[in-house]
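What follows is calculated from the coordinates using simple rules that are stated; it is not laboratory data. Since the structure is predicted, the reported quantities are computational estimates derived from the model, not experimental observations. Positions of Cβ are backbone-derived with ideal geometry, glycine not excepted, and every protein chain shown enters the neighbour counts.
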């Protein structure tokens, strides 16, 4: 029997050599789909086969571990199997025990124990080795709890992951141990592995691979151009720089939407003269609600005015952003008059989910108070996770065209950035400043579009509508 069972990529050979000379500490950072788990799980299998014992293979959560190692099907060479079935030779008859989330090798009763570090169930248990996959997403205390066990039992410690900025333990340990002779530290990016290319969007990585798109690459996958994935809105440029380039990009180094803003400017979608009010189509508004009461808003209230091309309905995508309003200290009567003064034909008004939420000391919700002033709001569902919301907004930028009158508001979007601590490291949350409210209203637009709830709520057929016969005068009075 020859190990590793699955032939490693050429750029993984350094890790296998480090294992052969008994280096216990491995820190492996490779771009996405670079074979990090193929390498480290194969090493855990080899050690389990040869030496027995319990080998912990840990993801941030146990479900994550079982999904990747057991449940998901992988295709290597036209045949689909679960991950562990590819990594462990059939001759060893591996047995999956779902209740205990472990794989047993009957010939020597070795065990590969899957788990997550979120519940700390691995703390206090001796093991022959520990592997942390997706290490940049683990809690910082994860390695601290097992450090005494590793020292006592002479166990190996392997960590792998893609760099997600610098405010995580993967980057910090990579910097701390890159010159330590006891450690094998490897940081690989696509210009070294040649797994794919990125030509376009201001990038020129591995242009020689453009002639080989669709062919098999060194990592068992097909060679792609990352620029195509951005164009297809599968990812944003910022996230692609983290995932595909494996660069320690901090959201605080640049604004969350800086790349999207520069792309929009280059394509002349910012300050676009062709974006102006079209009387044939309705205007939709998307809000961020200021804090305060029904009689007075003490925080900034934001409203984006958007039109969608007729051909996009009933699922509008391309957004012409024609106007913007921001003010504070006003009541719903003020905002009803503000809308009326614009002279637009409105198709619908959208606000965050909490417009329908009751507040202490108030008899009604903001949605009810606004309705009394003639504004009928539709509540947009809450976003499960702010970081997911920001990523969705990045992808939505490609469909946005901004009128010259909203240029200052667009600048606010571009300046939205991550909060940093005193050492200059990102804290994982956005800085709350004068850009926050504009972004919150923009996120309402993105979320409403993403959930498919944007409809012309006035019930007027677009093809029958005659603008000259329709007046907004007195609509809110």
- request: With a point put 7 Å past each Cα toward its Cβ, work out how far residue 178 is from residue 213 in nm, to one decimal.
  value: 3.3
field: Sorted by Cβ density within 10 Å, fewest first, the residues 182, 418, 85
entry: 182, 85, 418
query: Can you tell me the Rg and the Dmax, both Å, for the Cα atoms in the chain?
result: 27.3, 85
query: What is the distance, in nm, between label points placed 7 Å from the Cα along the Cα-to-Cβ direction at residue 191 and at residue 51?
result: 3.8
- prompt: Got the relative contact order for the stretch 17-188 handy, in percent, Cα pairs under 8 Å and 6 or more residues apart?
  reply: 34
message: Taking the number of other C-beta atoms within 10 Å as the exposure measure, put 222, 237 in order starting with the fewest.
response: 222, 237
task: For the stretch 352-405 and the stretch 432-451, compute the distance between their C-alpha centroids and round to whole Å.
output: 8
task: Order by neighbour count: 451, 238, fewest other Cβ atoms within 10 Å first, most last.
output: 451, 238
task: Please give the calculated 222 nm ellipticity per residue for the chain, where each DSSP H segment of at least 4 residues contributes -39500 (n - 2.57) and the sum is spread over every residue; nearest 500 deg cm²/dmol?
output: -8000 deg cm²/dmol
- prompt: Against the longest alpha carbon principal axis of the chain, how many degrees, from 0 to 90 and to the nearest 10, is the axis of helix 36-51 turned?
  reply: 30
field: Angle between the chain longest axis and helix 436-450 axis [Cα atoms, degrees, rounded to 10]
entry: 80
message: Can you give me the orientation-averaged projected area of the convex hull built on the Cα atoms of the stretch 17-188, in nm²?
response: 9.9
- line: Using alpha carbon centers only, the stretch 146-203 is separated from the stretch 218-240 by a whole-angstrom value of 22
message: Once you keep just the Cα pairs under 8 angstrom separated by 6 or more residues, what percentage relative contact order results for the chain?
response: 14
- request: Can you tell me how much longer the chain between residue 13 and residue 338 gets when fully stretched, taken as 0.36 nm per residue apart minus their C-alpha distance, in nm with one decimal?
  value: 110.4 nm
- line: For the chain, the longest principal axis of the Cα atoms and the Cα long axis of helix 142-153 enclose an angle in degrees, to the nearest 10, of 0
